[in-house]
Amino acid sequence: MEVKMEVGYDGVAVITISNPPVNAFAISTEFGVDTDDGFPPWNSSYNVSKRLSNSLIDGISVIAGLKEKIGEAMRRDDVKAIVLIGKNGKFSGGFDINVFQKVQQTGNISLLPDLSIDLVVNRIEDAKKPIVVAIEGLALGAGLEVSMGCHARIAAPKAQLGLPELSLGIIPGAGGTQRLPRLVGLPKAIDMMLTSKPILSEEAKKLGLIDAIVLLQGSY
């Protein structure tokens with residue numbers, strides 16, 4: 001589970017989400033250290049005590065890793081634009097629903113992410129540098145919600161895009177219920193959310209959900 005950033009000679013920072021098999025926005029067993037990059041600090045008493053008691057922090061959540069790399073790219077003078085991608089032929093299948101199941105089984109709400117993905121999506125949308133998402137394979141749930149916060153969206157042929165949260169008994173979050181109608185119109189947005197059925201990138205292009213379909217010469 002990691003989020004990596006590479007900056008090319010052209011000033012484009014490529015941020016890669018890697019969390020097999022579908023690059024879910026999941027939580028690791030440890031928490032990352034917050035950085036001063038414009039996001040509110042994590043402030044729950046549980047996480048304060050956990051960080052203080054942890055001398056070695058082995059990993060961070062995908063959400064926190066994405067926040068960290070975007071913040072770094074915003075601060076770096078050599079970065080002119082940002083591209084978000086997912087590793088191994090998929091952008092992201094969304095939030096890890098296993099976390100919800102564990103919370104319901106144990107009642108331990110500390111298992112939930114202590115950084116709201118809404119804040120990350122808002123930061124992407126408000127960024128002064130252009131952020132483009134390149135979608136391969138799928139962008140579902142939080143994966144699509146992050147994508148809709150980007151300034152432009154390109155996708156490979158036959159990529160699946162959708163908000164399947166209602167099939168799990170939850171409402172789409174991270175601004176998905178607001179951004180999707182703005183992009184595809186209210187009737188289609190309601191249909192996509194109520195049926196939880198994804199659409200292919202070809203239809204998404206016609207609807208305005210993505211800006212271009214790009215034929216890939218190889219996987220990222």
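The values are calculated or read from the model by the stated rules, or taken from the named source; none is laboratory data. Source: prediction; values computed, not measured. Virtual Cβ from ideal backbone geometry, glycine too; neighbours counted across all protein chains shown. Please note that ligands, DNA and RNA were not included when accessible areas were found on the heavy atoms of the full protein model with its side chains. Shrake-Rupley method; radii C 1.70, N 1.55, O 1.52, S 1.80 Å.
The table below lists the values:
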quantity: Residue list for region 107-136, restricted to those being surrounded by fewer than 22 Cβ atoms within 10 Å (Cβ to Cβ), at pLDDT 65 or above and more than 20 Å from residue 71 (Cα to Cα); calculated: 107, 108
quantity: Given (1) more than 28 Å from residue 64 (Cα to Cα); (2) open to solvent by less than 70 Å² (accessible area, probe 1.4 Å); (3) in contact with a strand residue (DSSP E or B) (Cβ under 8 Å, 6 or more places away or on another chain), number of the condition residue 153 does not satisfy; calculated: (1)
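Residues checked against (1) closer than 24 Å to residue 17 by Cβ; (2) in contact (Cβ under 8 Å) with a residue 24 or more places away in the chain; (3) part of a helix (DSSP H, G or I):
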site: 158; (1), (2), (3): yes, yes, no
site: 161; (1), (2), (3): yes, yes, no
site: 167; (1), (2), (3): yes, yes, yes
site: 173; (1), (2), (3): yes, yes, no
site: 179; (1), (2), (3): yes, yes, yes
site: 182; (1), (2), (3): no, no, yes
site: 188; (1), (2), (3): no, no, yes
site: 191; (1), (2), (3): no, no, yes
site: 215; (1), (2), (3): yes, yes, no
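Condition check ((1) among the aromatic types (Phe, Trp, Tyr); (2) open to solvent by less than 20 Å² (accessible area, probe 1.4 Å); (3) modelled with pLDDT under 90) across all residues:
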{"residue": "158", "(1), (2), (3)": "no, no, no"}
{"residue": "164", "(1), (2), (3)": "no, no, yes"}
{"residue": "180", "(1), (2), (3)": "no, yes, no"}
{"residue": "185", "(1), (2), (3)": "no, no, no"}
{"residue": "188", "(1), (2), (3)": "no, no, no"}
{"residue": "194", "(1), (2), (3)": "no, no, no"}
